[in-house]
1. So, of the residues in region 46-59 that are touching a helix residue (DSSP H, G or I) at 6+ places or on another chain (Cβ under 8 Å) and closer than 22 Å to residue 23 by Cβ, which turns out to be surrounded by the fewest Cβ atoms within 10 Å (Cβ to Cβ)?
2. So if I check each of 146, 93, which one is touching a residue at least 60 places away in the same chain (Cβ under 8 Å), surrounded by 19 or more Cβ atoms within 10 Å (Cβ to Cβ) and over 18 Å from residue 163 (Cα atoms)?
3. Do we have any residue at all in region 98-116 that's without any contact (Cβ under 8 Å) to a residue 12 or more places away in the chain, surrounded by fewer than 15 Cβ atoms within 10 Å (Cβ to Cβ) and under 16 Å from the mean Cα position of the chain (by Cα)?
4. Within region 151-172, restricting attention to residues that are in contact (Cβ under 8 Å) with a residue 60 or more places away in the chain and farther than 24 Å from residue 5 by Cβ, which residue is surrounded by the fewest Cβ atoms within 10 Å (Cβ to Cβ)?
5. Can you name the condition, by its number, that residue 42 falls short on among (1) farther than 18 Å from residue 83 by Cβ; (2) out of contact with any strand residue (DSSP E or B) (no Cβ under 6 Å at 6 or more places or on another chain); (3) crowded, with 23+ Cβ neighbours inside 10 Å?
6. Yes or no: region 23-39 includes at least one residue that is in a helix (DSSP H, G or I) and either surrounded by fewer than 21 Cβ atoms within 10 Å (Cβ to Cβ) or modelled with pLDDT under 95 (or both).
7. For region 45-67, which residues satisfy the criterion of being part of a strand (DSSP E or B) and over 27 Å from residue 138 (Cα atoms)?
8. Applying the selection to region 68-104, what residues are within 16 Å of residue 142 (Cα to Cα) and in contact with a helix residue (DSSP H, G or I) (Cβ under 9 Å, 6 or more places away or on another chain)?
């Protein structure tokens, strides 16, 4: 049986990788998109990475075009956009599917390990998506771009956060600090 840290991945530059490459680190896995209302979260993700990388946090970006075609670019275009627009320095991976029949095995494992996301108590993202007929039909499925999975230093998924929980949200920061101190 393959563990989550052994699932084959491809970095945005085409090189092979696994989450095992980051063994002993806390990982924040985020499905990202360049043309989404939540795209400005790249700034917060980069700030979070810069602030906590020396403590052992690695933010990992996984571009996905699953939601309203909001990540149409090639890997090269995505990499250029992230660097030039947001100064992204955290590791980025090749575009994948995070929902549906073509869902990448990493996201299958993440969702299986943490079927429910912590919701933003002040947020109304799900209601907005439902209003436009865009809410996921699978209650355990990834809701939208910028959903976040937190993996502890031991390689276990310890948290899942709705897309509208921003990188500086105290709930997320607290969970990250707990994962780093474990």
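The values are calculated or read from the model by the stated rules, or taken from the named source; none is laboratory data. Given the structure is predicted, the values throughout are model-derived calculations rather than measurements. Backbone-built Cβ (ideal geometry, glycine too); neighbour counts: all protein chains shown.
1. First, pick out the residues of region 46-59 that are touching a helix residue (DSSP H, G or I) at 6+ places or on another chain (Cβ under 8 Å): 46, 48, 52, 55-59.
Keeping just the survivors that are closer than 22 Å to residue 23 by Cβ gives 48, 52, 55-59.
Working: 48: 21, 52: 18, 55: 12, 56: 16, 57: 23, 58: 18, 59: 28.
Result: 55.
2. Values: 146 fails: over 18 Å from residue 163 (Cα atoms).
The conditions single out 93.
3. Looking through region 98-116, at least one residue is without any contact (Cβ under 8 Å) to a residue 12 or more places away in the chain, surrounded by fewer than 15 Cβ atoms within 10 Å (Cβ to Cβ) and under 16 Å from the mean Cα position of the chain (by Cα).
4. Among them, the one singled out is 168.
5. Going through the list (1) farther than 18 Å from residue 83 by Cβ; (2) out of contact with any strand residue (DSSP E or B) (no Cβ under 6 Å at 6 or more places or on another chain); (3) crowded, with 23+ Cβ neighbours inside 10 Å, residue 42 breaks only (1).
6. The initial filter retains those residues of region 23-39 that are in a helix (DSSP H, G or I), namely none.
No, region 23-39 contains no residue that is in a helix (DSSP H, G or I) and either surrounded by fewer than 21 Cβ atoms within 10 Å (Cβ to Cβ) or modelled with pLDDT under 95 (or both).
7. Start the filter on region 45-67 by keeping residues that are part of a strand (DSSP E or B), which leaves 57-64.
Scanning region 45-67 gives 57, 58.
8. Within region 68-104, the subset within 16 Å of residue 142 (Cα to Cα) is 68-71, 95-104.
Correct list: 71, 95, 96, 97, 98, 99, 103.
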